[in-house]
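Worksheet: the structure to be examined is printed underneath.
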Amino acid sequence: MQKNAKKLSDTAAAGAMWLAMLCCAAVPATAEPAPDTDGEWWKSAVLYEIYPRSFQDSDGDGVGDLNGINARLGYLEDLGIDAIWIAPMFPSPGVDFGYDISDYVGVDPRYGTLADMDRLIGAARQHHIRILLDMVLNHTSDQHPWFTAAAAARDSEKHDWYVWNDGIPGGGPQAHEGRLPPNNWVSLFGGSAWEWVPAVHQYYYHMFYRQQPDLNWRNPAVEKAMFASMRFWLDRGIAGFRLDAIPNLFEDPKLRNARELGGVNAQGDPNLDGSLTSNLPEVHGVIRRLRRMLGSYPDSRLLIGETYLPRTRDLDAWYGGARHDELQLAMDMLVGFHGDRDRLDAASFRQHIEEAQSQLHGSQPLFVFDNHDNVRAIDRYGDGVHDAQINRLLGSLLLTSRATPLLYYGEELGMRTITPVRREDVKDPIGITGWPRQKGRDGERTPMQWSPGAQAGFSTGSAAWLPVAQNHVTVNVATELEDPQSTLQWYRQLLRLRRDTPALTQGRMTMLNRDNPHVLTYVRSGTRVQAVMVALNFTAEPQILSIARGAAGPGRGSLRTLLTDAPALRGSRIAHSVTLPPFATWIAAID
Ligand code: TEU
């Protein structure tokens, strides 16, 4: 075993380096975090995404609902969750399962009533849990009264609320009344981004499904109406919003053709450069005004952005750079969703994490590994042999990094992605149109697994809207609570440690042994907190972490194990070296 093990520290001095790095300021690429204040609750909070269709059904119709969430608040509080983000629960035709909203100030009857929502907000408060709603500002449903009016007549007052164009002269099967779409833009969900409406003899733009027409944010009336909808919820006690697809709010006013990048995407459309339809500078004015609006409410309301952007440094502007006057949290999609085939590569994680620490003017990063749009991390990063350990390792990283962690329901259980095997079973429209290249997002939206019984305790009905995973017999809350070695217990311990250890929420994050390709090691430290070291073995082999003699002297630099999943390290005090089993986590206080 020793023979195969790679040494963490290549030189005798390297082991002592971490101690040196702790006490001196010469740490590369690491910014001192902005000082914490009571109002910045979201800096020490743990967030949890709930896909309401799939969390808990309270009325037996096979679809989750608000009363179901209400019934599970005790579980969430006990787990250590501070705020839940509920994916859209507004009235919706459901083409995109709620991301096509037809009324921004109501509750979809499938999920309950406004009274249920008010009760949920009140009950959550009793459980010390804040509620974040999912605000879809980029587009509405094509069934929203704004759009039905806009699409009925050009002289409708609502017409200019959406992005219309007469098209360009041309023929062929794509043409309508002798006119073609104005450019080559494609919908993220497949096909042209332009849809013809005969009643007005114009095309409208849709970044997503054609049933999701983009709003025209250059019209101030749109902003006014959307801000009013948000006030409606803020007045009811909502803690803030997750802003859906927020970089897509504006498009190039000249509607120029996008540059083709070569190749095709999952939908079979040409890959296009997105700079004319994403991340346009105009969006920041909206976000600043929105932040000011939220600032007029008590209790530090929160804005989180769904910010899929190509580089970490692109996120900085979304926080307002040095002014810190835009989003409080911009989702970092680079740490959790590597473009390069999601390899479990310590060096690549280290690089992305360091960028998030150093390129955001000290703003708080938000890390996330799982959501309702992507194959679960356990399946993306798993090697097929150590998947459960790898899932735990990622949990350790998520919950000990200097970042607000965002969990997705079931991640704490080790729930898997259950990709449909037959096209006729697919519910997500992109999986139907894109089959078999694109199988849609059903796999990561299967019902929460509560217990080993019927429908995994998700529903009392005979069927759930998506099939319950067969592994629910062992992978479920009730069974895992009974087993001290379970994934759920590991997450619970990590969450408790995070809550009880100030360095894990307030300390800066300093990478150690930055050349090591196998073990990710870092220290969380600050002026008035006890420093903590975290070592994560990213390989299937044991790895030795050497600690130099000087570092381990009495009372100075000995490492007291706080939490580990390596049985041999439990309760240990380490002075010289430690062997990390495959994919193991070791978290220690630096005494
Ligand atoms: O997602 C925006 C987004 O960029 C996603 O489309 C993502 O790239 C894709 O789902 C990957 O398959 C948000 C929501 O999270 C998503 O569920 C909605 O479908 C979309 O907006 C439209 O509202």
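The values are calculated or read from the model by the stated rules, or taken from the named source; none is laboratory data. Remember, predicted model here, so these are calculated numbers, not experimental data. Don't worry about glycine lacking a Cβ; one is built from the backbone with ideal geometry, like all the others, and counts go over all protein chains shown.
Please give the strands (runs of 3 or more DSSP E) falling wholly within region 255-341 in which 3 or more residues are in contact (Cβ under 8 Å) with a residue 60 or more places away in the chain and either more than 23 Å from Arg236 (Cα to Cα) or within 16 Å of the chain's Cα centre (by Cα) (or both). Once the strands (runs of 3 or more DSSP E) in region 255-341 are filtered for at least 3 residues that are in contact (Cβ under 8 Å) with a residue 60 or more places away in the chain and either more than 23 Å from Arg236 (Cα to Cα) or within 16 Å of the chain's Cα centre (by Cα) (or both), what remains is 302-305, 329-332.
Mind telling me which of the residues Leu315, Leu413 ends up being among the hydrophobic types (A, V, I, L, M, F, W, C) and either within 16 Å of the ligand (Cβ to nearest atom) or in contact with a Gly (Cβ under 6 Å, 6 or more places away or on another chain) (or both)?
Numbers: Leu413 fails: either within 16 Å of the ligand (Cβ to nearest atom) or in contact with a Gly (Cβ under 6 Å, 6 or more places away or on another chain) (or both).
Of the residues listed, the single one that is among the hydrophobic types (A, V, I, L, M, F, W, C) and either within 16 Å of the ligand (Cβ to nearest atom) or in contact with a Gly (Cβ under 6 Å, 6 or more places away or on another chain) (or both) is Leu315.
With the structure loaded, tell me whether Glu251 is in contact (Cβ under 8 Å) with a residue 12 or more places away in the chain, surrounded by 16 or more Cβ atoms within 10 Å (Cβ to Cβ) and away from the ligand (no atom under 16 Å from the Cβ) or whether it fails that test. The answer is no for Glu251.
Any residue that is assigned by TED's automatic domain parsing to the domain that holds Met415, farther than 26 Å from Ala463 by Cβ, β-branched (Val, Ile, Thr) and more than 16 Å from the ligand (Cβ to nearest atom) - is there at least one of those in region 55-74? The answer is no, given that none of the residues of region 55-74 is assigned by TED's automatic domain parsing to the domain that holds Met415, farther than 26 Å from Ala463 by Cβ, β-branched (Val, Ile, Thr) and more than 16 Å from the ligand (Cβ to nearest atom). Residues that are in a strand (DSSP E or B) and either within 11 Å of the ligand (Cβ to nearest atom) or closer than 16 Å to Ala245 by Cβ (or both) within region 201-222 comprise Tyr205, Asp214, Leu215, listed in sequence order.
Residues are listed down the side, and each one gets a yes or a no for (1) surrounded by fewer than 19 Cβ atoms within 10 Å (Cβ to Cβ); (2) touching an Asp or Glu at 6+ places or on another chain (Cβ under 9 Å); (3) under 21 Å from Gly431 (Cβ atoms); (4) modelled with pLDDT of 95 or more:
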{"residue": "Ile50", "(1), (2), (3), (4)": "no, no, no, yes"}
{"residue": "Asp61", "(1), (2), (3), (4)": "yes, no, no, yes"}
{"residue": "Leu66", "(1), (2), (3), (4)": "no, yes, no, yes"}
{"residue": "Ala71", "(1), (2), (3), (4)": "yes, no, no, yes"}
{"residue": "Tyr75", "(1), (2), (3), (4)": "yes, no, no, yes"}
{"residue": "Asp82", "(1), (2), (3), (4)": "no, no, no, yes"}
{"residue": "Trp85", "(1), (2), (3), (4)": "no, yes, no, yes"}
{"residue": "Ser92", "(1), (2), (3), (4)": "no, yes, yes, yes"}
{"residue": "Gly98", "(1), (2), (3), (4)": "no, yes, yes, yes"}
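The criterion of being within 16 Å of the ligand (Cβ to nearest atom) and at positive phi holds for Asp342. Scanning region 176-200 for residues that are within 14 Å of the ligand (Cβ to nearest atom) and part of a loop (DSSP other than H, G, I, E, B) yields Ser187, Leu188, Phe189, Gly190, Ala193.
Restricted to region 223-248, and to residues there that are more than 16 Å from the ligand (Cβ to nearest atom) and among the basic types (Lys, Arg), the residue that is farthest from Asp134 (Cα to Cα) is Lys224.
Would you confirm whether any residue within region 106-126 is in a loop (DSSP other than H, G, I, E, B), in contact with a Pro (Cβ under 9 Å, 6 or more places away or on another chain) and surrounded by fewer than 14 Cβ atoms within 10 Å (Cβ to Cβ)? Looking for residues that are in a loop (DSSP other than H, G, I, E, B), in contact with a Pro (Cβ under 9 Å, 6 or more places away or on another chain) and surrounded by fewer than 14 Cβ atoms within 10 Å (Cβ to Cβ), one finds at least one in region 106-126, hence yes. Among the residues of this structure, Arg376 counts as one that is charged (D, E, K, R) and either in contact with a Gly (Cβ under 8 Å, 6 or more places away or on another chain) or closer than 15 Å to Thr487 by Cβ (or both).
Here is a list: Arg524, Arg496. Which entry is at negative phi, at pLDDT 95 or above and buried (at least 18 other Cβ atoms within 10 Å of the Cβ)? Lay out the reasoning, then the answer.
Details: Arg496 fails: buried (at least 18 other Cβ atoms within 10 Å of the Cβ).
Checking each option against the conditions leaves just Arg524.
In summary, helices (runs of 4 or more DSSP H) completely within region 354-450 and bearing 1 or more residues that are at negative phi and of a type in the set (Asp, Glu) occur at 377-381, 387-400.
Within region 127-145, how many residues are part of a helix (DSSP H, G or I) and within 16 Å of the ligand (Cβ to nearest atom)? I'd like the intermediate steps shown before the answer.
The initial filter retains those residues of region 127-145 that are part of a helix (DSSP H, G or I), namely 145.
Checking the rest, the ones that are also within 16 Å of the ligand (Cβ to nearest atom) come to none.
Residues meeting the conditions: 0.
Being crowded, with 19+ Cβ neighbours inside 10 Å, under 25 Å from the mean Cα position of the chain (by Cα) and more than 21 Å from Arg259 (Cβ to Cβ) holds for only one residue in Tyr209, Tyr204, and it is Tyr209. In summary, Ala503 fulfils each of the numbered conditions (1) within 30 Å of Gly526 (Cα to Cα); (2) touching a residue at least 60 places away in the same chain (Cβ under 8 Å) with the single exception of condition (2).
So that you can scan it fast, the table gives a plain yes or no per residue for (1) within 16 Å of the ligand (Cβ to nearest atom); (2) assigned by TED's automatic domain parsing to the domain that holds Gly98; (3) in contact (Cβ under 8 Å) with a residue 60 or more places away in the chain:
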residue: Ala356; (1), (2), (3): no, yes, no
residue: Ser363; (1), (2), (3): no, yes, yes
residue: Leu366; (1), (2), (3): yes, yes, yes
residue: Thr400; (1), (2), (3): no, yes, yes
residue: Pro405; (1), (2), (3): no, yes, yes
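With respect to the conditions (1) out of contact with any Gly (no Cβ under 7 Å at 6 or more places or on another chain); (2) surrounded by 15 or more Cβ atoms within 10 Å (Cβ to Cβ); (3) over 30 Å from Leu393 (Cα atoms), Ser459 lacks only one, and its number is (1). Candidates Asp325, Asp316, Asp332, Asp342: the one that is at pLDDT below 95 and in the same structural domain as Tyr381 (by TED's automatic domain parsing) is Asp342.
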